[in-house]
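S.K.: Below is a structure I'd like to ask you about.
All of the numbers you see were taken from the coordinates with simple rules; none came from a lab. In this text the structure is predicted, and so the values were computed from the model without any measurement. Because the Cβ atoms are built from the backbone with ideal geometry, glycine has one as well, and the counts that use them run over all protein chains shown.
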Amino acid sequence: MPPFRLAVFDLDGTLIDSRRDLTDSVNALLVECGAAALPENQVGRMVGDGAATLVARAFAARGIAEPDDALPRFLAIYQQRLTDHTKPYDGIPEVLSAFTANKTVAVLTNKPIGSTRVILERLDLARFFAPALVLGGDGPFARKPDPAGLRWLMQTAGADPEQTILIGDSLIDWRTARAAQTHIALARYGFGFEGFPEGELSPGDFQMDSPRGFLCL
């Protein structure tokens, strides 16, 4: 196994369990628009491509037209409940503490950067990441699975693809790592892993059933 110099983490479903707060926010918007709420596991499978796509999928699932102002309304609702139930997965602080001893760590998420920073601060995770190495989906780079953000993080950290591992829970993360030719470690515990097409995996892909499994990287 190569000595990884850079570990890039996804946020939702990898560092934090945010499924309930995302679900509650999506359902609050749907109910406002006269639609029925969606089950939490269904909303969890919609997460990963950014807020706009999450909202569009929710309205499509209920078969109703998405209002023009649906995205800003969702973001306003979610901003009020970012950490009502959201918390780091058990073992995440331990993993980050160990990694920072010999690796650069970064965050690459499709969540808006403002919400990302607030969550990291409130959950006491921001201390592990240099602010410049936290990239959101509304920044200067295209959202995952476009590899531009990951490549920028590698350049900034002085790490090549062989020295870089992307840690995430979804097919979006897997595709991002493939596009950037980095290693991938999949968080099987994350809600984005539900329905992952395991036929896509290769023997070199790491899979972990709990965050502490990443300590071997």
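S.K.: Multiply the residue separation of residue 142 and residue 76 by 0.36 nm, subtract the distance between their alpha-carbon atoms, and state the gained length in nm to one decimal.
M.R.: Result: 21.5 nm gained on full extension.
S.K.: How far is helix 148-157 tilted off the main Cα axis of the chain, in degrees rounded to 10, range 0 to 90?
M.R.: 40
S.K.: If you average 1/r over every pair of different alpha-carbon atoms in the chain and take one over that average, what Kirkwood value in Å do you get?
M.R.: In the chain this quantity evaluates to 17.4 Å.
S.K.: Right, here's the next one. Per 10 Å bin, what percent of the C-alpha pairs of the stretch 19-79 does each bin hold, from zero upward?
M.R.: 25, 67, 8
S.K.: Can I ask one more? What nm distance separates the two modelled labels at residue 212 and residue 124, each placed 7 Å from Cα along Cα→Cβ?
M.R.: Taking the simple label geometry, residue 212 and residue 124 are separated by 1.9 nm.
S.K.: Right, something else. Could you tell me how many degrees, from 0 to 90 and to the nearest 10, lie between the Cα long axis of helix 171-180 and the main elongation axis, the longest principal axis, of the Cα atoms of the chain?
M.R.: Its long axis makes an angle of about 40 degrees.
S.K.: Oh, and also: Around residue 9, which amide H atoms from residues at least 5 apart in sequence, or from another chain, sit under 5 Å from its own amide H, with H modelled in the peptide plane?
M.R.: Those lying under 5 Å, H to H, from residue 9 are 106, 107, 108, 167.
S.K.: Next up: Arrange 94, 200 by Cβ neighbour counts within 10 Å, fewest through most, would you?
M.R.: Ranked by crowding around the Cβ, least crowded first: 200, 94.
S.K.: Label point 7 Å out from residue 36 along Cα-to-Cβ: which residues of the stretch 63-78 have amide N under 14 Å?
M.R.: 63-64
S.K.: In square nanometres, what is the average projected area of the Cα convex hull of the stretch 109-217?
M.R.: The Cα convex hull of the stretch 109-217, projected and averaged over all directions, gives 7.0 nm².
S.K.: If you don't mind, another one. Please report 111, 144, 103 as a ranked list, fewest other C-beta atoms within 10 angstrom at the top and most at the bottom.
M.R.: 103, 111, 144
S.K.: Quick one: among 77, 172, 64, which has the greatest mean-square fluctuation in a GNM of the chain with alpha-carbon springs under 10 angstrom?
M.R.: Top of the fluctuation ranking is 64.
S.K.: Calculate how steeply helix 51-62 sits against the longest principal axis of the alpha-carbon atoms of the chain, using the helix alpha-carbon long axis, and give the answer as 0 to 90 degrees to the nearest 10.
M.R.: 50
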